[in-house]
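Enquirer: Submitted below is the structure of interest, expressed as structure tokens.
Every number in this text was worked out from the coordinates using simple rules, so none of it is lab data. The shown structure was predicted, so the numbers you read here are calculated from the model rather than taken from an experiment. Glycine gets a Cβ as well: all are built from the backbone with ideal geometry, and neighbour counts include every protein chain shown.
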Amino acid sequence: MNWYVIYTKSRSEKMVADKLAKVGVEVFCPVLKRKKLWSDRWKWVEEPLFRSYCFVRLEDWQREQVFSVPGVVRYVFHCGKPASIREKEMNLLKNWLIEFDHECIQAEQLNVNDRIRIRSGALMDKEAKVLENMGHYALLFLEDLVVQVRVDLRKNIVEKLQAS
């Protein structure tokens with residue numbers, strides 16, 4: 001069985017996940033608990049970590065089954081095939097949601113020229129400029145050390161700094 005990424009209609013992630021679970025599909029919709037201010041009070045709400053995405057675990061021959069659920073748009077493809085996620089990576093994501101404070105978790109894309117601060121590992125608390133984003137890796141320029149480094153984003157925590 002493989003984990004696949006499905007694309008859902010906007011703001012339908014949790015509903016799609018619930019309906020897929022009801023028809024017997026193993027599904028994971030990572031959510032963050034956030035404290036939001038309503039007009040008269042603060043309230044804890046669950047928001048999807050990845051907008052318009054859910055993960056399903058199926059055999060290849062079962063892939064069409066997800067389209068019986070309203071709100072499922074398509075599979076996400078990579079290199080001409082449905083994108084699959086390794087079990088190890090799914091477990092890592094699930095553990096992050098258990099171990100880390102949800103206020104600290106954000107799904108952000110690093111772009112060229114973004115300024116970041118490294119929050120873990122040997123280069124902890126160093127600031128850098130993103131030279132290139134290569135998926136799981138980023139090529140960074142550490143100005144105070146005058147050096148370029150390639151950082152594995154799966155093993156290091158980085159924080160995007162606000163533009164000044």
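Enquirer: Report the FRET efficiency, 1/(1 + (r/R0)^6), for ASP18 and LEU92, where r is their Cβ-Cβ distance and R0 is 25 Å, rounded to 0.05.
Expert: On the way: r = 24 Å, r/R0 = 0.96.
The computed FRET efficiency comes out at 0.55.
Enquirer: For region 2-104, what class follows from the C-alpha gyration tensor (a ≥ b ≥ c being the square roots of its eigenvalues): rounded when a/c is under 1.5, otherwise prolate if a/b is larger than b/c, else oblate? Could you put the intermediate results ahead of the total?
Expert: On the way: a/c = 2.30, a/b = 1.57, b/c = 1.46.
Cα axes put region 2-104 in the prolate bin.
Enquirer: On to the next question. So which of LYS33/LYS81; LYS35/LYS88; LYS9/LYS81 end up more than 27 Å apart, counting from Cα to Cα? Intermediate results must be reported in sequence, preceding the final value.
Expert: Numbers: LYS33/LYS81 33 Å; LYS35/LYS88 30 Å; LYS9/LYS81 21 Å.
The answer is LYS33/LYS81; LYS35/LYS88.
Enquirer: Mind giving me the nanometre distance, one decimal, between the label points for GLU99 and LYS35, set 7 Å out from Cα along Cα→Cβ?
Expert: For GLU99 paired with LYS35, the spin-label model returns 2.5 nm.
Enquirer: Output wanted: per-residue J couplings in Hz (rounded whole) for region 119-136, from phi through Karplus 6.51 cos²θ - 1.76 cosθ + 1.60, θ = phi - 60°, x for Gly and Pro.
Expert: So the J values, rounded to whole Hz, are 9, 8, x, 4, 9, 3, 6, 7, 9, 8, 10, 6, 8, 7, 10, 10, x, 7.
Enquirer: Assuming 0.890 mPa s and 25 °C, estimate D for region 115-160 with Stokes-Einstein, Rh taken as the Kirkwood radius over Cα pairs, in µm²/s.
Expert: Value of D from the Cα-based Kirkwood radius: 240 µm²/s.
Enquirer: I would also like to ask the following. Please work out how much length the chain gains when fully extended from LEU131 to TRP42, using 0.36 nm per residue of separation minus the C-alpha to C-alpha distance, in nm with one decimal.
Expert: Here the segment from LEU131 to TRP42 would lengthen by 28.0 nm.
Enquirer: Next question. Mind giving me the FRET efficiency for SER10 and LEU139? R0 is 35 Å, r the Cβ-Cβ distance, nearest 0.05 is fine.
Expert: Details: r = 33 Å, r/R0 = 0.94.
Efficiency at R0 = 35 Å is approximately 0.60.
Enquirer: Tilt of helix 87-99 relative to the longest C-alpha principal axis of the chain, in degrees (0 to 90, nearest 10)?
Expert: Compared with the principal axis, the helix lies near 70 degrees.
Enquirer: Further question: Round to the nearest 10 and give me the degree value, 0 to 90, for the angle of helix 13-22's Cα axis relative to the longest principal axis of the chain.
Expert: Tilt relative to the chain: about 40 degrees.
Enquirer: Next question. Can you list the aspartates and glutamates whose alpha carbon sits under 14 Å from that of LYS36, skipping same-chain ones fewer than 8 residues off?
Expert: Counting by Cα, and skipping residues close in sequence, LYS36 has these aspartates and glutamates nearby: GLU46, GLU47, GLU103.
Enquirer: Hey, rough spin-label estimate for GLU26 and VAL112, points 7 angstrom out along Cα→Cβ, what's it come to in nanometres?
Expert: 4.0 nm
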